[in-house]
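What follows is a single structure, written as structure tokens, with notes after it.
The values are calculated or read from the model by the stated rules, or taken from the named source; none is laboratory data. Treat the numbers as computed from the prediction; the structure is a model and nothing was measured. Neighbour counts are summed over all protein chains in view; Cβ atoms, including those assigned to glycine, are modelled from backbone coordinates with ideal geometry.
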Amino acid sequence: NALESSSLPAKLSDCRSDDMERAELFIIEGDSAGGTVKAARDAEFQALMPIRGKILNTMRASEKQMLDNNECASIIAAIGAGSGKSFDLSSIRYGRLIVLADADVDGAHIRCLILTLAYRYMRPLLEAGRVYAAVPPLYRIESVGSKDYVYCYSDEERDAALKRLEKAGRKVKEIQRYKGLGEMDADQLAETTLDVAHRKLRRMTMADAERRAYFRGRVELSEPEALGGHPVEVRSPDRRMAVAPQVAIAEVIGEDDDHIGQPGGGRGAEGKCGEKGQQQGSHAD
């Protein structure tokens with residue numbers, strides 16, 4: 001493997017491909033979920049690295065403090081392009097950095113912390129549109145007499161899918177609510193979240209490259225604040241104010257975008273609301 005290095009983190013399960021544009025690195029929330037993702041991934045071009053808990057909030061941390069944090073240092077080492085002013089986009093080992101976390105408060109916080117790390121110390125990666133959040137489904141609907149499932153990514157999609165099934169005369173057998181990645185088996189995770197032909201990703205980019213973030217005091221970001229594309233004022237314990245960076249999310253459905261597409265097919269299929277057997281037909285601007 002041309003990407004191998006003696007300084008790679010021990011937790012990193014690398015991919016076989018040496019094609020940077022094709023290779024992607026998944027940062028996984030928790031060691032337990034990492035095992036399922038490892039079984040579900042395509043090891044040809046999908047690398048993964050689990051992290052334990054929440055990484056350091058790097059909003060005000062120095063580069064030394066950031067590198068002294070094991071989880072932050074592991075992410076920097078895995079990307080392989082340095083950090084801060086020395087970050088070299090041409091040296092990255094993976095074309096995409098993808099955060100895969102639970103769809104809950106803790107998962108949202110982890111996504112925000114990794115986004116903050118990218119903003120502070122790997123900004124060219126963020127500006128190039130190479131940082132993503134994976135979107136696992138929230139619901140799986142099984143209907144009577146059918147081996148196909150309907151995967152939904154929000155309450156609204158679930159309600160719409162139930163109405164479609166009712167209109168089609170199909171009786172619902174079970175609605176499963178996923179509380180975390182650990183509740184999905186490898187086949188379900190591969191089909192809905194890792195398969196490049198049918199997964200959903202949210203690209204994280206800088207909305208205004210010329211806007212400077214001004215930080216004073218300690219800042220804790222919620223996901224809507226960090227990912228919603230709006231400046232946010234947060235009052236810290238010492239009553240000083242902080243303004244968060246303006247960051248926008250472009251949601252990509254399917255794999256039509258030139259930053260995401262991969263050659264070859266994948267396992268499973270999903271359509272509107274993730275319904276197996278139909279192809280997603282649109283993507284975000």
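Screening the range 1-85 for helices (runs of 4 or more DSSP H) wholly inside it with 1 or more residues that are among the hydroxyl-bearing types (Ser, Thr, Tyr) returns the ranges 31-40, 70-79. Checked against the criterion of being closer than 27 Å to Arg199 by Cβ and either out of contact with any Asp or Glu (no Cβ under 9 Å at 6 or more places or on another chain) or in contact (Cβ under 8 Å) with a residue 40 or more places away in the chain (or both), the candidates Ala47, Ala73 yield just one match: Ala47.
Determine if the range 219-227 includes at least one residue that is of a type in the set (A, V, I, L, M), outside any loop (DSSP other than H, G, I, E, B), buried (at least 18 other Cβ atoms within 10 Å of the Cβ) and modelled with pLDDT of 90 or more. No, every residue in the range 219-227 fails to be of a type in the set (A, V, I, L, M), outside any loop (DSSP other than H, G, I, E, B), buried (at least 18 other Cβ atoms within 10 Å of the Cβ) and modelled with pLDDT of 90 or more. Checked against the criterion of being part of a helix (DSSP H, G or I), free of Cβ contacts under 8 Å to residues at least 40 places away in the same chain and buried (at least 18 other Cβ atoms within 10 Å of the Cβ), the range 87-107 contains not a single residue that satisfies it.
Scanning the range 40-69 for residues being within 18 Å of the chain's Cα centre (by Cα) and small (Gly, Ala, Ser) gives a total of 4.
Residues in the range 82-114 that are closer than 20 Å to Ala133 by Cα and touching a Phe, Trp or Tyr at 6+ places or on another chain (Cβ under 8 Å): Arg96, Leu97, Ile98, Val99, Leu100, Ala103. Select from the range 40-87 the residues that are within 23 Å of Asp106 (Cα to Cα) and among the charged types (D, E, K, R) and list them in ascending order. Arg52, Lys54, Arg60, Asp68, Glu71, listed by residue number.
Filtering the range 123-160 to residues that are more than 17 Å from Leu181 (Cβ to Cβ), surrounded by fewer than 22 Cβ atoms within 10 Å (Cβ to Cβ) and charged (D, E, K, R) leaves Arg123, Glu127, Glu142, Lys147, Asp148, Asp155, Glu156, Glu157, Arg158, Asp159. If you go through the range 30-55 one residue at a time, how many are surrounded by 18 or more Cβ atoms within 10 Å (Cβ to Cβ) and at pLDDT 85 or above? Residues in the range 30-55 being surrounded by 18 or more Cβ atoms within 10 Å (Cβ to Cβ) and at pLDDT 85 or above: 13 in total.
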